[in-house]
Each structure stands twice: as structure tokens, then as C-alpha cells.
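Chemist: Sending over a structure as C-alpha cells; questions will come in a sec.
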Amino acid sequence: MASRTEWQFQDRGSGPAYKQLVVVHDDDPENAAYRRLMDHCAACRTCLTVNDAGEATNTCTTAEQRYQEYRQARRGTAAALPHAPA
Ligand SMILES: [Zn+2]
């Protein structure tokens, strides 16, 4: 199994995301979903569009869909952990 470490944006639930160094396993569904999201955003003109203040406009429906898939994958991973809160 290929694994490595990389910086990823982590979701707080509210407020801005933060970056955290994580171990990545390429065959993990959560990381696969995250990779699809990042690969899309790096190549998508809509995702790279910013307003006059330099802020992302976040108008890409594909990115939103992939983000929701990533969140779904995270919930699935968390539910499988023995120490996850009920
Ligand atoms: Zn996009």
C-alpha cells in the first residue's frame, strides 16, 4: 500500500478550513475523494476564479459536488473507527 504525508485542508464544520499534515494512503476512500477534489480545483478555470479582493468566488458546481463526496467519505471513515463518538 502506497502511503506518504502531505498537507491537507481540514474542515472545522464552520469557519475557514485549516491545514494539517496527514498520512495519505492512496487506496483510502477519503483520500481518493480528497484527491479528486484537489485535482479538479487545480485544473478548473471556474475554481481558480477570484473576485476583485482576490477571494475565491466558489461558484463551481463540480467542486461543490466533489466536496460533498469527500465529506461523505470522511463520515464513512469516521463511522468505521472504534473510538468514533456515537
Ligand atoms: Zn471547478
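Chemist: Counting only the backbone N, which residues of region 1-26 are under 15 Å from the spot 7 Å out from the Cα of Arg74 toward its beta-carbon?
Modeler: Flagged as within label range: 7-23.
Chemist: How many percent of Cα pairs in region 10-59 exceed 11 Å?
Modeler: So the pairs more than 11 Å apart make up 76 percent of the total in region 10-59.
Chemist: While we're on this one: How far is it, in nm, from the label point at Gln65 to the one at Ala17 when both lie 7 Å from their Cα along the line to the Cβ?
Modeler: Label at Gln65, label at Ala17, 1.8 nm between them.
Chemist: Please express the shape of the chain as an equivalent ellipsoid: the semi-axes are the square roots of 5 times the eigenvalues of the C-alpha gyration tensor, given largest first in whole angstrom.
Modeler: 25, 15, 13
Chemist: Moving on to the next point. Highest mean first, how do 13-19, 57-63 rank when packing is the count of other Cβ atoms within 10 Å averaged over residues?
Modeler: 57-63, 13-19
Chemist: Let me ask another. Starting at the first residue of region 18-23, write each ³J(HN,Hα) from the Karplus equation 6.51 cos²θ - 1.76 cosθ + 1.60 with θ = phi - 60°, in whole Hz, x for Gly and Pro.
Modeler: 3J(HN,Hα) across region 18-23, in whole Hz: 10, 9, 9, 7, 10, 8.
Read-outs throughout are calculated quantities, based only on the coordinates presented, and are distinct from any laboratory measurement. Source: prediction; values computed, not measured. Ideal geometry is used to build each Cβ from the backbone, glycine not excepted, and the neighbour counts take in all protein chains shown.
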